[in-house]
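S.K.: Structure provided below as structure tokens; questions to follow.
The values are calculated or read from the model by the stated rules, or taken from the named source; none is laboratory data. All of these numbers come straight from a predicted model, not from anything done at the bench. Cβ: placed from backbone, ideal geometry, glycine included. Neighbour counts: every protein chain shown. Just the protein is used for accessible areas: all its heavy atoms, side chains included, with ligands, DNA and RNA removed. Shrake-Rupley method; radii C 1.70, N 1.55, O 1.52, S 1.80 Å.
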Amino acid sequence: MSNFWNQTRAATSLIRRLKRSIINPAAVARPRCFTTAEGHRPSLVHKRSLDILHDPWFNKGTAFSMTERDRLDLRGLLPPNIMSPEQQIERFMVDLKRLEVQARDGPSDPNALAKWRILNRLHDRNETMYYKVLIANIEEYAPIVYTPTVGLVCQNYSGLFRRPRGMYFSAEDRGEMMSMVYNWPADQVDMIVVTDGSRILGLGDLGVQGIGIAIGKLDLYVAAAGINPQRVLPVMIDVGTNNEKLLKDPLYLGLQQHRLDGDEYIAVIDEFMEAVFTRWPNVIVQFEDFQSKWAFKLLQRYRNTYRMFNDDVQGTAGVAIAGLLGAVRAQGRPMIDFPKQKIVVAGAGSAGIGVLNAARKTMARMLGNNETAFDSAKSQFWVVDANGLITEERENIDPVALPFARKIKEAGRQGLREGASLVEVVEQVKPDVLLGLSAVGGLFSKEVLEALKGSTSTRPAIFAMSNPTKNAECTPEEAFSIVGDNIIFASGSPFRDVNLGDGHVGHCNQGNNMYLFPGIGLGTLLSGSRIISDGMLQAAAERLAAYMSEEEVLKGIIYPPISKIRDITKEVAAAVVKEAVEEDLAEGYRDIDARELQKICQSQEELLEYVKNSMWSPEYPTLVYKKD
């Protein structure tokens, strides 16, 4: 790893963080002992008997001790044999394997959806055990509770709906939202994920059924970041749908009217934001799967006023930047060579433009972080949308894409024109990186991949980042078989590694937003920062890029395994906290004020301990009954 750090010292923004990360031996000689913020305190409950067993937040099932059974009037309501949490999980896993096939709702119901049904039933009756199972089997079940299976869940949500989870604010609730937020039982909410269902993954407008993506995302906040599940809130803002199939479906659960637009739409979102921040001033709101038309506008409208971010724009960009920097390292080059990379981007939606903006800023920082550097960095990108290469000749060009439109004379010198196809662009540019954020499955066709064989890079990188799996621009098998064994491959959804023969493996790196958004949320929460700055997001991406060892990246492994997600999140959150302190944005969290937080950040060991001890773990608390 030391070679990696030495190679990056020419980049001024990275040097500053390197200096901050040096641990002072004197500072860590006597580390502080932190009281665990999410420790094993007894929980006061105001219910007993069957009411406890029907409450998933407090239900322990057969794990209730005899003392608790007497204290909570449970004796006789449960089988007499007391089981440990480990025994409960063993029983559940045996049942899960046995019931997977039986839980399928007919031959068209995929096995992944059957697993989701079983896990969801556990979630409905015992939250602690649900998260214990999820964390222990995160590699297997993250694709079930999140992408790609969550897309299938959202498509079928009206039929899958059994128990309310989260809150629904609709266009018909205008003028009532300030009072509505008090219907939620939790006095403290740390994290909200909100969607309007207008662009769920690559599946389009799913209306109110998009609540599934908010629920799945918060499951990962709990599992990866240790956000207390009693302090998370999934939210659907239902402003109608333009999906004609849903508008005609008698079983659809949402408003059957066309979407609000313009000022009416903005007014609904404004009212929601004011309401949730009035009741929970310290909450963090993550916007999820808003159509491109609104994603950037809402981000710019709220980001300097509220603690919020848009994962599709900023989280996707951060994970992509970490992967792009990793790809440079995998080529055996220093990270400061990133501004020399030629990058062809397929897709100009919110995710694509978000990655472009972040990559341009990263390049500019490495080139001197001035206006000239920022202007020259854009020349490294060629953006292709559904209408081909974007140039300044494009009519009605989206303002957010305009900075990346190629000058027509410049394109002409490269043998390109306005609207040139993706194949033509790849043939002429010979890029180092082909980055897909188009949501068009199979876009990287055989012809496109054949063209990439002409890349001037010794190890070209292919990022097929669109979700869910069917929207991936290509598969790893296609990439390795057509372009060659010596490529870097990353995707948004999980794929298996490719056996290249002779003991060689083509590594498929999953560039999942899960690597960053839990750490961004946790780091913001623990820092007490009032906003989420570009610097905090950049610090998160750089820490993820540095997580892999030199040996790993040279093998083509640029993202870590999902099994390490809690450790990754801890490191990313620590980087976010440290950056918030550096930018003088941190105000502290709970009993740790800004000054104390600044002292903690002087020692990397103390900072990591502080983050780790603030993460909730799924352990059954002792329950004590107290009358209202």
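S.K.: Within the set of pairs 6+ apart or on separate chains, which have a first residue in region 119-140 that is open to solvent by less than 10 Å² (accessible area, probe 1.4 Å), a second that is modelled with pLDDT of 95 or more and of a type in the set (S, T, Y), and C-beta atoms under 6 Å apart?
M.R.: L122/Y130; H123/Y130
S.K.: Whether any residue in region 555-575 is hydroxyl-bearing (S, T, Y), outside any helix (DSSP H, G or I) and either farther than 26 Å from T147 by Cβ or in contact (Cβ under 8 Å) with a residue 24 or more places away in the chain (or both) is what I want to check. Talk me through it step by step, then tell me what you get.
M.R.: Residues of region 555-575 hydroxyl-bearing (S, T, Y): 559, 563, 569.
From what's left, outside any helix (DSSP H, G or I): 559.
With either farther than 26 Å from T147 by Cβ or in contact (Cβ under 8 Å) with a residue 24 or more places away in the chain (or both) added as a condition, the list becomes 559.
Looking through region 555-575, at least one residue is hydroxyl-bearing (S, T, Y), outside any helix (DSSP H, G or I) and either farther than 26 Å from T147 by Cβ or in contact (Cβ under 8 Å) with a residue 24 or more places away in the chain (or both).
S.K.: If you don't mind, another one. Any idea which of (1) closer than 17 Å to I520 by Cβ; (2) open to solvent by less than 10 Å² (accessible area, probe 1.4 Å) is the one K578 doesn't satisfy?
M.R.: (2)
S.K.: Filter region 196-246 for residues that are assigned to a helix (DSSP H, G or I) and of a type in the set (D, E) and give the result. Walk me through how you get there before you give the answer.
M.R.: Initial filter on region 196-246 (assigned to a helix (DSSP H, G or I)): 207-225, 229-231, 244-246.
If the condition is that a residue be assigned to a helix (DSSP H, G or I) and of a type in the set (D, E), then D219, E244 are the ones that fit.
S.K.: Taking region 252-281 as the search range and keeping residues that are assigned to a helix (DSSP H, G or I) and acidic (D, E), which one is most open to solvent (accessible area, probe 1.4 Å)? So that I can check it myself, show each step before the final result.
M.R.: Quick first cut of region 252-281, residues assigned to a helix (DSSP H, G or I) only: 262-279.
Next cut, acidic (D, E) only: 263-264, 270-271, 274.
On the way: D263: 134, E264: 99, D270: 46, E271: 42, E274: 101 Å².
Taking the candidates together, the pick is D263.
S.K.: Need the failing condition index for I200 against (1) surrounded by fewer than 21 Cβ atoms within 10 Å (Cβ to Cβ); (2) in contact (Cβ under 8 Å) with a residue 60 or more places away in the chain, just the number.
M.R.: It fails just one condition, (1).
S.K.: Another one. One residue is enough: does region 368-382 have a residue meeting the conditions within 24 Å of the chain's Cα centre (by Cα), assigned to a helix (DSSP H, G or I) and surrounded by 20 or more Cβ atoms within 10 Å (Cβ to Cβ)? Quick ask: steps written out before the conclusion?
M.R.: Narrowing region 368-382 to residues within 24 Å of the chain's Cα centre (by Cα): none.
No - not one qualifying residue is present in region 368-382.
S.K.: Tell me, yes or no, whether region 512-523 has at least one residue that is free of Cβ contacts under 8 Å to residues at least 24 places away in the same chain and of a type outside the set (S, T, Y).
M.R.: Of all residues in region 512-523, those free of Cβ contacts under 8 Å to residues at least 24 places away in the same chain come to none.
No, region 512-523 has no match at all.
S.K.: Right, another one. Scanning for something farther than 24 Å from A348 by Cβ and aliphatic (A, V, I, L, M), does region 491-500 turn up at least one residue?
M.R.: Step one: list which residues in region 491-500 are farther than 24 Å from A348 by Cβ, which gives 494-500.
Checking the rest, the ones that are also aliphatic (A, V, I, L, M) come to 498, 500.
Yes, region 491-500 contains at least one residue that is farther than 24 Å from A348 by Cβ and aliphatic (A, V, I, L, M).
S.K.: Test S617 against the criterion of being among the polar types (S, T, N, Q), in a helix (DSSP H, G or I) and open to solvent by 20 Å² or more (accessible area, probe 1.4 Å), and give yes or no.
M.R.: For S617, the condition - among the polar types (S, T, N, Q), in a helix (DSSP H, G or I) and open to solvent by 20 Å² or more (accessible area, probe 1.4 Å) - is not met.
S.K.: Starting from region 343-361, keep only residues that are in a helix (DSSP H, G or I), then list their pairs with residues that are of a type in the set (K, R) whose Cβ atoms are within a distance under 7 Å, requiring at least 6 positions of separation or different chains.
M.R.: Going by the 7 Å Cβ cut-off, the qualifying pairs are R360/K378.
S.K.: Another question, then. Looking at the structure I just gave you, is K409 modelled with pLDDT under 95, over 13 Å from I390 (Cβ atoms) and open to solvent by 20 Å² or more (accessible area, probe 1.4 Å)?
M.R.: Numbers: modelled with pLDDT under 95: yes; over 13 Å from I390 (Cβ atoms): yes; open to solvent by 20 Å² or more (accessible area, probe 1.4 Å): yes.
Judged against the criteria, K409 is a match.
S.K.: Looking at region 375-398, is at least one residue farther than 13 Å from A346 by Cβ and touching a residue at least 40 places away in the same chain (Cβ under 8 Å)? It would help to see each step written out before you state the result.
M.R.: Step one: of region 375-398, the residues farther than 13 Å from A346 by Cβ are 375-380, 391-398.
Still in the list and also touching a residue at least 40 places away in the same chain (Cβ under 8 Å): 380, 398.
Yes, because at least one residue in region 375-398 is farther than 13 Å from A346 by Cβ and touching a residue at least 40 places away in the same chain (Cβ under 8 Å).
S.K.: Between a first residue in region 440-463 that is closer than 14 Å to I482 by Cα and without any contact (Cβ under 8 Å) to a residue 60 or more places away in the chain and a second residue that is part of a strand (DSSP E or B) and open to solvent by 40 Å² or more (accessible area, probe 1.4 Å), which pairs have beta carbons less than 6 Å apart while being 6 or more apart in sequence or on different chains?
M.R.: none
S.K.: Please state which of the following conditions P468 fails to meet, knowing it meets all the rest: (1) touching a residue at least 60 places away in the same chain (Cβ under 8 Å); (2) open to solvent by 20 Å² or more (accessible area, probe 1.4 Å).
M.R.: (2)
S.K.: Something else about it: Could you tell me whether A439 is buried (at least 22 other Cβ atoms within 10 Å of the Cβ) and outside any loop (DSSP other than H, G, I, E, B)? Before you say what the answer is, go through the steps one by one.
M.R.: On the way: buried (at least 22 other Cβ atoms within 10 Å of the Cβ): yes; outside any loop (DSSP other than H, G, I, E, B): no.
Considered against the rule, which asks whether it is buried (at least 22 other Cβ atoms within 10 Å of the Cβ) and outside any loop (DSSP other than H, G, I, E, B), A439 comes out as no.
S.K.: May I pose another question? Out of all the residues in region 68-77, which are closer than 25 Å to Q230 by Cα and either touching a helix residue (DSSP H, G or I) at 6+ places or on another chain (Cβ under 8 Å) or not in a loop (DSSP other than H, G, I, E, B) (or both)?
M.R.: E68, R69, R71, L72, L74
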